[in-house]
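Participant: Before we start, here is the structure in question, set down as C-alpha cells.
The values are calculated or read from the model by the stated rules, or taken from the named source; none is laboratory data. Computed from a predicted structure; not experimentally measured. Please note: Cβ atoms are built from the backbone with ideal geometry, for glycine as well, and neighbour counts cover all protein chains shown. In case anyone asks, the SASA skips ligands and DNA or RNA and just uses the protein heavy atoms, side chains included. Shrake-Rupley method; radii C 1.70, N 1.55, O 1.52, S 1.80 Å.
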Amino acid sequence: QVQVVESGGGLVQAGDSLRLSCEVSGRTNSAYYVGWFRQAPEKERELVAVISREDGSTYYTDSVKGRFTIARDNAKRTVYLQMNSLKPEDTAIYYCATAPKSLRPTLKSLYDHWGQGTRVTVSS
C-alpha cells in the first residue's frame, strides 16, 4: 500500500507564492508517477502537474505553465509543487496522487493512491 500526505496549503493574495509538499511512503515501487490535481468548487478534478519519480520528466497543464514547478526529492520521498504568481482562479483543494508506470501519465484514472487534499485560497 502507498500512503500519500499533502501539506502546505493556505490563504494567500494574488501574485503571492506557495509551496505544496507531498510525502509518499509505503510500497513506493508502484508510485512511478506523482501528480498534483486540483478541484475547485462545482468543478471537476483536473490534473495540474505530473513528475516521474524515476527520471524527473514533467508535464504541466497549460494554465499553470511558467508559474508552477513540480520537483522531487527522492531521498525525502517528497514531491513539491512550487506555485508562483498565484491567481484567484488557482483557488481549489489540491490533491497529490500516485500512479504506476504507464504510457499515459496524464490519465486521471491511472492514479490509484490519493492524499486527503490541502486547500489553497487565493484572494484578489
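Participant: So, R0 is 25 Å and r is the distance between the beta-carbons of residue 5 and residue 103; what FRET efficiency does that work out to, to 0.05?
Facilitator: 0.35
Participant: How large is the accessible surface per residue of the chain, computed with a 1.4 Å probe and reported in Å² as a whole number?
Facilitator: On the way: 6590 Å² over 124 residues.
About 53 Å² of surface per residue is accessible.
Participant: Now for a separate question. Around residue 80, with a cut-off of 13 angstrom between Cβ atoms, what is the net charge of the other residues, counting Lys and Arg +1 and Asp and Glu -1?
Facilitator: Numbers: positive: 19, 53, 72, 76, 77; negative: 6, 23, 73.
Charge balance in the 13 Å sphere: +2.
Participant: Any chance you could run the full-extension gain for residue 112 through residue 124? It's 0.36 nm times the residue separation minus the Cα-Cα distance, nm to one decimal.
Facilitator: On the way: separation 12, 0.36 × 12 = 4.32 nm, distance 3.45 nm.
So the chain would gain 0.9 nm between residue 112 and residue 124.
Participant: Considering only protein heavy atoms and a probe of 1.4 Å, how much of the accessible area of the chain is carbon and sulfur, as a whole percent?
Facilitator: With neighbouring chains kept in place, the figure for the chain is 45 percent.
Participant: What is the total of Lys pairs in the chain with C-alpha atoms under 27 Å apart, excluding same-chain pairs fewer than 8 positions apart?
Facilitator: So the count works out to 10.
Participant: In nm, what is the difference between 0.36 nm times the number of residues separating residue 42 and residue 59 and their Cα-Cα distance?
Facilitator: 3.6 nm
Participant: Could you list, bin by bin from short to long, the percent of Cα-Cα pairs of the range 1-67 in 5 Å steps?
Facilitator: Values per bin, smallest distances first: 4, 13, 19, 27, 21, 10, 5, 1.
Participant: Between residue 27 and residue 84, what is 0.36 nm times their sequence separation minus the Cα-Cα distance? Round to one decimal in nm.
Facilitator: Full extension from residue 27 to residue 84 adds 17.3 nm.
Participant: From the Cα gyration tensor of the chain, with a ≥ b ≥ c the square roots of its eigenvalues, which class applies: rounded if a/c is under 1.5, or else prolate if a/b is larger than b/c, or else oblate?
Facilitator: Working: a/c = 1.69, a/b = 1.63, b/c = 1.04.
Prolate, since a/c reaches 1.5 and a/b exceeds b/c.
Participant: Hey, another quick one. Beta carbons within 10 angstrom, averaged per residue: use that to sort the peptides 68-78, 32-42, highest first.
Facilitator: Answer by packing, highest mean first, reads 32-42, 68-78.
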